[in-house]
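K.L.:
Sharing a structure here in structure tokens format.
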Amino acid sequence: MKKKGFTLIELLVVIAIIAMLMAILLPALSKVKKIAMRVICGTNLKGLGTAQTVYSNDYDDEYAVQGGGNPTLTWGWYTPGFQNPSLNWRTQASGITIGASLYLLVREADVSPKSFVCPASDQEEYDGTNTQNPPLDIVQLWDFGAEPLAVESGYPYQHVSYSYHQPYGPTGAKSQYAATGTLSASFAIMADKNPYFDYKFNSGQLLTAAQMDNVNLTDGICRIGNYYVQNSAFNESSPGVRGANSQPHDREGQNVLFADGHASFEKTPDVGMKHDAIYVPRGGGGTAEDMVRGGFAGTMTNPDHNLAIQPGVPAGLGARDDSYLVNDDSRTAQRP
């Protein structure tokens, strides 16, 4: 009796059909995965907004800002006393990070370190590694790791995927413009990472103040506001706009948390009050262009980074309406 089975031709046809189906489905699956990660990032941000509200209810409408008002603190790679449970921030601390402020939500608002990690980024959840004997509980620490002090703990920039409205003033003490629970609903307080402090931005190159202020539309973000004001054909898919977006979502946009607690995915970064660009501090003038364009009117002491240009602070006309979202620097040229 003749055996039944596939001929070589039939087998090749089946393989070809499967290959065609995969070619059709894989891009769709990739897009679905990208959207799913975007949603998770947005959900994380919304949860952090809720945590900020919980924190502010206990601290007279103040959002999380670490440092105890110590004017001698400098913004560095890690918090030197991160595993000292009795650290006196006013007398013993010398360094601070953006992560240290956000870590207050872990200590005070029962937030898991996992909530600070966007799956579309390359950050990893902080596991609480420290060298105390016995090891301290995660809520007894002060920051997301300090590699020189606890090997394999990493640095804060490796464990936090989000930027935060600049909590510090020029000296490292709490800024007079730090976010609070009384801000306007349209004020942006957190978002995906600031591209200027991301190692994937511009190949990690450092820019001088003049270069940063006049960076080309095709590869930078400083001119986003100027572009909005002067171009009636403003298009969110234009190269200059795409180049202004955060890196984790392929520069298609960024999740942004606003002061009223809602989070949304925004395709351009000029989503603060009056089209304020959220990743640069406002300049010092009073024109319509200046109100949205940003500039570097303020600087912040940061000797560890040895930057060609240092992080700014909200400044200029209407500084209280200026969202300036920053995160600990991870650029290749600067990170340890």
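The values are calculated or read from the model by the stated rules, or taken from the named source; none is laboratory data. Model, not experiment: these values are computed from the prediction. Positions of Cβ are backbone-derived with ideal geometry, glycine not excepted, and every protein chain shown enters the neighbour counts. Ligands, DNA and RNA are excluded from the accessible area calculation, which covers all protein heavy atoms including side chains. Shrake-Rupley method; radii C 1.70, N 1.55, O 1.52, S 1.80 Å.
K.L.:
With a 1.4 Å probe and every protein chain left in place, work out the accessible area per residue of the range 86-190 in Å², rounded to a whole number.
P.N.:
Values: 4140 Å² over 105 residues.
Normalised by residue count, the accessible surface of the range 86-190 is 39 Å².
K.L.:
I would also like to ask the following. Considering only protein heavy atoms and a 1.4 Å probe, what is the carbon-and-sulfur percentage of the accessible area of the range 149-189?
P.N.:
C and S atoms contribute 54 percent here.
K.L.:
Can you work out the Karplus-derived ³J(HN,Hα) for every residue in the range 146-154? Use 6.51 cos²θ - 1.76 cosθ + 1.60 with θ = phi - 60°, whole Hz, and x for glycine or proline.
P.N.:
Rounded to whole hertz, the list is 7, 3, x, 9, 9, 4, 6, 7, x.
K.L.:
³J(HN,Hα) across the range 35-51 via Karplus (A = 6.51, B = -1.76, C = 1.60, θ = phi - 60°), whole Hz, x for Gly/Pro?
P.N.:
5, 4, 5, 4, 5, 4, 4, x, 5, 4, 4, 4, x, 5, x, 4, 5
K.L.:
Which entries of Lys46/Lys193; Lys31/Lys114; Lys114/Lys174; Lys31/Lys274; Lys34/Lys114; Lys34/Lys193 have Cα-Cα distances beyond 21 Å here?
P.N.:
From Lys46/Lys193; Lys31/Lys114; Lys114/Lys174; Lys31/Lys274; Lys34/Lys114; Lys34/Lys193, over 21 Å: Lys31/Lys114; Lys114/Lys174; Lys31/Lys274.
K.L.:
Report the extension gain between Glu252 and Ser112 in nm, rounded to one decimal, defined as 0.36 nm multiplied by the number of residues separating them, less their alpha carbon distance.
P.N.:
Result: 47.6 nm gained on full extension.
K.L.:
Val326's amide H: which non-local residues (gap 5+, or another chain) put their own amide H closer than 5 Å, with H modeled 1.01 Å from N in plane and none for Pro or chain starts?
P.N.:
Distant-sequence amide H within range of Val326: Tyr164, His165, Gln166.
K.L.:
Once phi is turned into ³J(HN,Hα) by the Karplus curve 6.51 cos²θ - 1.76 cosθ + 1.60 with θ = phi - 60°, what whole-Hz value does each residue of the range 319-327 show in order, with x for glycine and proline?
P.N.:
4, 5, 9, 9, 7, 9, 9, 10, 9
K.L.:
Between Gln92 and Ala19, what is the spin-label point distance in nm, taking each point 7 Å from the Cα along the Cα→C-beta axis?
P.N.:
Between Gln92 and Ala19, the simple spin-label model gives 6.6 nm.
K.L.:
Could you tell me what percent of the accessible area of the range 2-81 is made up of carbon and sulfur, with a 1.4 Å probe and every protein chain present?
P.N.:
71
K.L.:
Between the DSSP loop rule and a limit of at most 16 other Cβ atoms within 10 Å, which GluC sites (Glu not before Pro) in the range 87-183 are left?
P.N.:
On the way: sites: Glu108, Glu124, Glu125, Glu152; in loops: Glu124, Glu125, Glu152.
Answer in residue order: Glu124, Glu125, Glu152.
K.L.:
Hey, another quick one. For the range 79-190, rounded, prolate or oblate, judged on the Cα gyration tensor with a ≥ b ≥ c (square roots of eigenvalues), a/c < 1.5 rounded, else prolate if a/b > b/c?
P.N.:
Oblate, because a/c is 1.5 or more while a/b does not exceed b/c.
K.L.:
How far, in nm, would the chain grow between Leu12 and Glu152 when pulled straight, counting 0.36 nm per residue and subtracting the alpha carbon separation?
P.N.:
45.3 nm
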